[in-house]
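Peer 1: Take a look at this one; I'll ask things after.
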Amino acid sequence: MKRMNFTRIVTALLYGFCAYGQPGSVTSRTNDLKLLSKELTSYRDILQIPGMAVAVVKDGRIVYRKVEGYANLEKKMPLTDGYMFQIASVTKTFTANLMMQYEQEHKASVEDYALNYRFINTYFGWPYNVDANTRIRHFLSHTSEDGPGNSFIYNGQRFNYIYGVFEAAGGHAPFTDGYSLELQKRIFEPLHMEHTIAGFPDTRKDTLFKHIATPYVYDKLQHAFKEDTVNYRWTQAFPATGILSTLGDLAKYTTSYDNNKLITAANYTKVTTPQTLTDGSKSPYGIGWFTEEFEGKKIHWHYGHADSYAALLVRVPETGYTFILLSNSGAPSDALRLGAGHIWQSPFVTSFLKQFIFTQKDQKYINWNKGFDGIPRLYEQSRAAERSLLIEEIVGQALFRRYSEKLYGTHTGESKQLMSLLYELKPERFDQYDPALIYLLTDLQDKLLETPLKKLIAAYESYGHIQPYVIMDIARYYERSGKPGEALRFYKLLADSKGFETWNEMIEACRKAGGLLLDSGKTKDGRTYYWKAVNSMKMNGYGDKAIMEVINMMK
């Protein structure tokens, strides 16, 4: 395999160059891919990603490519664009593709009841919290919890509950890895995706391992990246995750939607149409795809988030552009809260949108690593789309910097500065329900940010749907703030909800509610919540020792 220089590889530089800007300054340019490359590199540096591969596809052709860093840190092996990465939950878009092919051939439908297919013994446990009337569509749109179709709650694991569909529609016997066989037959082979596999090879001795970017997790005790050998146990793909692929093969895959190679235009529209919930509100998700609109542009996308890999596939179909990012660290996804939508909060995606989608003459950019002083003036001078992007860019930059501060001890205090700046520039932004901002402000726990946080919490309560992660962020914040009454209110909100019995957040909420109630002298209520936690733990396969610890708390 031919290797390229790992330090700064940028090909297909289609336009002229421009200076990157002086400390604290704002720089102007149009279609400057050199500056784009520096922006992407700066994000990699903040997150300390071992290796990263990026491509922009336009009408079936890669028009921008950037590959830098290492495929293997220990051996100092430079990354090239031929390496495979696990794409994690981007696999879900492949699952939706297969389902549309089945519908086209009248072999299965997303309106089929999920329990009509083999459910038990498909690696994922008994369906304790699945409503009998849940349809395949509910699993593939993350609307199967809190009652079918009632709420959008991103829970990737539940995609796997439809594994039996691929056995039945494909004519495969149980336990023959039917999903992987269907991927190979219906997507990989027709699209000539010759560098894409369904799961890691069965043995490390397999020569394919030479073409897989080594996965890494950061060890905070050792202050170093360690190879994530645990990940190699996933030797097959599942409807939720598991495919490994390359930039080139993913370019073929996204192009197949442009030319209707595998599914019809009508079925692509079907999977990328936001689901309507039972209360009439719109979800940010279709069937296997996030589907949102930003400044008049429809964006269809998915992210992949594994412990040691991250991936992004972002399509703006009316423009013909797709953005692809692959990383052998989970940081690009781990730093964000993409399960609620808002892909434009990823700085990587913001840079893509500025460069290729919302490009205007004399656009202005900030060198974020040289200070934030120029942002207010830039905001005042910007046009509508630029202003909207800048606001979301502030959120994304704050998330990246908070991640870096907590994990590496760098960029200290910068996320707080950016949140204060955001509240100064656009206070009404905090009137919108936004899980990422709730996470940031509850995590920062700064008195100067109490007012915008109160606005965010009120926006969530008006939103009216159970979101376990958000509830726990708020409850923990109140508990740390010495407000047990408010903490208990939110712990009970989750603990009293139906359909979340297998969530670890539910178990914690029940335990916390039980403890706070016992502390306040409400013994009967406290014991009830502790016992609820015990039953959920039993469903989740907790050991007897952990369960007895909770039972002892009831005494």
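Peer 1: Do we find that LYS107 is of a type in the set (D, E, K, R), within 23 Å of TRP289 (Cα to Cα) and in a helix (DSSP H, G or I) in this structure?
Peer 2: Considered against the rule, which asks whether it is of a type in the set (D, E, K, R), within 23 Å of TRP289 (Cα to Cα) and in a helix (DSSP H, G or I), LYS107 comes out as no.
Peer 1: Going by the structure shown, is GLY521 buried (at least 16 other Cβ atoms within 10 Å of the Cβ), more than 20 Å from ASN129 (Cα to Cα) and of a type in the set (Gly, Ala, Ser)?
Peer 2: no
Peer 1: Looking at GLY515, GLY543, can you tell me which residue is in the same structural domain as LEU493 (by TED's automatic domain parsing), of a type in the set (Gly, Ala, Ser) and closer than 15 Å to LEU494 by Cβ?
Peer 2: Answer to the check: GLY515.
Peer 1: Here's another thing I want to ask about it. Hey, TYR154 hits all of (1) more than 17 Å from SER283 (Cα to Cα); (2) at pLDDT 95 or above but one; which does it fall short on?
Peer 2: Unmet for TYR154, out of (1) more than 17 Å from SER283 (Cα to Cα); (2) at pLDDT 95 or above: (1).
Peer 1: Which residue, of ILE153, ILE187, is touching a residue at least 40 places away in the same chain (Cβ under 8 Å), buried (at least 19 other Cβ atoms within 10 Å of the Cβ) and over 29 Å from ARG337 (Cβ atoms)? Give the steps one after another, and end with the answer.
Peer 2: Working: ILE153 fails: over 29 Å from ARG337 (Cβ atoms).
It is ILE187.
Peer 1: Given (1) surrounded by 20 or more Cβ atoms within 10 Å (Cβ to Cβ); (2) in contact with an Asp or Glu (Cβ under 6 Å, 6 or more places away or on another chain), identify the lone condition not met by TYR253.
Peer 2: It fails just one condition, (2).
Conditions (1) in contact with a Lys or Arg (Cβ under 7 Å, 6 or more places away or on another chain); (2) in a loop (DSSP other than H, G, I, E, B); (3) over 18 Å from ILE466 (Cα atoms); (4) among the hydrophobic types (A, V, I, L, M, F, W, C), marked per residue:
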{"position": "ILE507", "(1), (2), (3), (4)": "no, no, no, yes"}
{"position": "GLY521", "(1), (2), (3), (4)": "no, yes, yes, no"}
{"position": "ALA546", "(1), (2), (3), (4)": "no, no, yes, yes"}
{"position": "ILE551", "(1), (2), (3), (4)": "no, no, yes, yes"}
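Peer 1: Report yes if GLY514 is surrounded by 19 or more Cβ atoms within 10 Å (Cβ to Cβ) and within 26 Å of ASN150 (Cα to Cα), otherwise no. Walk me through how you get there before you give the answer.
Peer 2: Numbers: surrounded by 19 or more Cβ atoms within 10 Å (Cβ to Cβ): yes; within 26 Å of ASN150 (Cα to Cα): no.
No.
Peer 1: Take the conditions more than 16 Å from the chain's Cα centre (by Cα) and either in a helix (DSSP H, G or I) or outside the structural domain of GLY82 (by TED's automatic domain parsing) (or both) and apply them to PHE352. Does it pass?
Peer 2: So PHE352 passes the test.
Peer 1: Would you be able to say whether some residue in region 465-486 is of a type in the set (Asp, Glu), surrounded by fewer than 16 Cβ atoms within 10 Å (Cβ to Cβ) and under 20 Å from ALA340 (Cα atoms)?
Peer 2: Looking for residues that are of a type in the set (Asp, Glu), surrounded by fewer than 16 Cβ atoms within 10 Å (Cβ to Cβ) and under 20 Å from ALA340 (Cα atoms), one finds none in region 465-486, hence no.
Peer 1: Within region 49-62, identify whether any single residue is farther than 30 Å from ILE263 by Cβ, buried (at least 18 other Cβ atoms within 10 Å of the Cβ), modelled with pLDDT of 95 or more and among the β-branched types (Val, Ile, Thr), and answer yes or no.
Peer 2: Within region 49-62, one or more residues are farther than 30 Å from ILE263 by Cβ, buried (at least 18 other Cβ atoms within 10 Å of the Cβ), modelled with pLDDT of 95 or more and among the β-branched types (Val, Ile, Thr).
Peer 1: Oh, and also: TYR257 - would you say it is in contact (Cβ under 8 Å) with a residue 24 or more places away in the chain and within 19 Å of the chain's Cα centre (by Cα)?
Peer 2: no
Peer 1: Within region 283-340, considering only strands (runs of 3 or more DSSP E) that don't extend past its boundaries, which have at least 2 residues that are touching a residue at least 60 places away in the same chain (Cβ under 8 Å)? Full working, then the answer.
Peer 2: Working: elements: 290-294, 297-305, 310-316, 321-327.
Output list reads 297-305, 310-316, 321-327.
Peer 1: Which condition breaks for LEU98 when tested against (1) under 28 Å from PRO274 (Cα atoms); (2) free of Cβ contacts under 8 Å to residues at least 40 places away in the same chain?
Peer 2: It is condition (2) that LEU98 fails.
Peer 1: Looking at PHE209, PHE225, can you tell me which residue is more than 22 Å from the chain's Cα centre (by Cα) and more than 30 Å from LYS58 (Cα to Cα)?
Peer 2: Answer to the check: PHE209.
The values are calculated or read from the model by the stated rules, or taken from the named source; none is laboratory data. This is a predicted model, so every value here is computed, not measured. Cβ coordinates were reconstructed from backbone atoms using ideal geometry, including for glycine residues, and neighbour counts include every protein chain displayed.
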